[in-house]
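Data block below; observations after.
All of the numbers you see were taken from the coordinates with simple rules; none came from a lab. Just so it is clear, the structure is predicted and the values come from calculations on it, not from any experiment. Virtual Cβ from ideal backbone geometry, glycine too; neighbours counted across all protein chains shown.
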Amino acid sequence: IKSEDAVAAYIERINAVNPYLNAIVESGFPQALTLAKKADKMCQETPAEELKLKYPLLGVPFTVKESCRLRNFLCTQGSLRRAKHRSAENGEVVGRLLDAGAIPLLVSNTPEFCFNWECFNFVTGRTLNPYNSQRTSGGSSGGEGALLGAGASVFGVGSDVAGSIRIPSLFNGIFGHKPTRRAISIAGHAPHPRDPIGADYLVVGPMCRYAKDLPQILNIMAGPNAQQLNLLEPISWKNIKIFYYEEIKGPLIVPLTEDTRVTFWKVVNHFKEIGSPTTAVSRENDLLVTKK
């Protein structure tokens with residue numbers, strides 16, 4: 001398949017679903033098609049193995065959470081005071097994906113200053129769930145979650161402090177990963193933490209329709225840290241410790257449904273069956289303690 005055809009197909013899909021989702025802050029479709037044509041020309045003129053090494057994502061379309069910054073695109077942070085603000089440069093992780101040949105389609109919606117578990121602000125409005133418009137897409141990477149859940153993106157760049165990748169991934173039926181702190185650069189993220197503690201909580205990470213795409217995207221995002229992470233090497237699950245927590249109860253937490261509970265225990269039992277050390281934990285006096 002040609003990159004131009006793939007990019008055009010995703011643009012068509014985005015235009016079809018976004019009126020129902022309201023997930024886009026700003027799109028750059030003409031520029032994306034131009035880049036796709038250049039990618040196709042490179043494929044005709046350069047040996048495939050050479051391109052694979054230098055541009056592992058050549059011609060692949062992707063989308064970017066607005067806060068992760070795409071140069072020359074809006075970066076409002078969902079704030080009326082910044083409604084016309086544009087990014088002067090790419091976020092570092094976005095730059096790495098561009099260097100790998102990926103083609104950006106748009107920047108997607110977030111709550112104001114990325115500070116909510118749903119996706120609403122007074123600049124772009126509310127982003128809705130692709131499965132049910134009466135439901136939220138989650139936050140703060142809600143625009144990415146909605147687009148991916150609707151089949152309108154191949155993969156996306158998200159960010160996470162307290163669930164901002166994980167919650168939209170859950171709500172929209174996709175896969176997302178919050179990497180270990182400092183494994184992936186947060187340079188260029190807006191808003192950016194002003195203190196070291198905040199910088200340790202904020203991470204940038206991948207969001208995908210298919211779990212198998214996560215390692216490769218994360219490997220590229222990691223840049224010079226990729227060699228230490230060994231993301232593309234096989235692992236032995238017998239050496240991976242699994243700690244599981246069945247349910248958190250609290251005023252902000254929806255109780256587990258029975259089908260979710262059944263699925264949860266299927267996963268736990270799977271790890272037990274393949275030999276992973278599994279340990280239940282519980283919350284007592286605000287501390288996680290191992291159940292004996």
Among Glu233, Glu112, Glu26, which one shows the biggest mean-square fluctuation in a GNM of the chain, springs joining Cα atoms closer than 10 Å?
Glu233
Counting only residues 5 or more apart in sequence or on a different chain, those whose built amide H sits under 5 Å from that of Arg86 are Cys75
Out of Gly163, Gly223, Gly275, a Gaussian network model of the chain with alpha-carbon springs under 10 Å gives the largest mean-square fluctuation to Gly275
Sum of side-chain charges, Cys114 neighbourhood, beta-carbon under 11 Å (Lys, Arg +1; Asp, Glu -1)
-2
For the Cα atoms of the chain, what angle does the longest principal axis make with the long axis of helix 3-21, in degrees from 0 to 90, nearest 10?
60 degrees
For segment 218-223, what does the Karplus curve 6.51 cos²θ - 1.76 cosθ + 1.60, with θ = phi - 60°, yield as ³J(HN,Hα) per residue in whole Hz, taken in order and with x for Gly and Pro?
5, 4, 6, 4, 6, x
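Could you list, in their original order, any pairs among Lys212/Lys238; Lys41/Lys84; Lys2/Lys266; Lys178/Lys272; Lys212/Lys249; Lys37/Lys212 whose Cα atoms are separated by more than 30 Å?
Result: Lys41/Lys84; Lys2/Lys266; Lys212/Lys249 exceed 30 Å.
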Figure the gain on full extension for Glu233 and Ala16 (residue separation times 0.36 nm, minus the Cα-Cα span) and round it to one decimal in nm.
74.2 nm
Run the numbers on segment 3-232 and let me know its relative contact order in percent, using alpha-carbon pairs under 8 Å that are six or more apart.
20 percent
Have a look at Thr76, Thr46, Thr279 and tell me which one the Gaussian network model of the chain (Cα, springs below 10 Å) gives the largest fluctuation.
Thr279
Suppose we keep just the DSSP beta bridges with both residues in the chain; what percent of those would be antiparallel, to 5?
70 percent
Sorted by Cβ neighbour density within 10 Å, fewest at the top, the residues Leu105, Leu57, Leu252, Leu170
Leu252, Leu170, Leu57, Leu105
Ser133/Ala187 FRET efficiency (R0 30 Å; Cβ-Cβ; nearest 0.05)
0.25
Mind listing the long-range amide H neighbours of Ile242? Cut-off is under 5 Å, sequence gap 5 or more, other chains count too, H placed in the peptide plane at 1.01 Å from N.
Thr278, Thr279
Nearest 10 degrees, 0 to 90: what angle lies between the long axis of helix 258-273 and the longest principal axis of the chain (Cα atoms)?
80 degrees
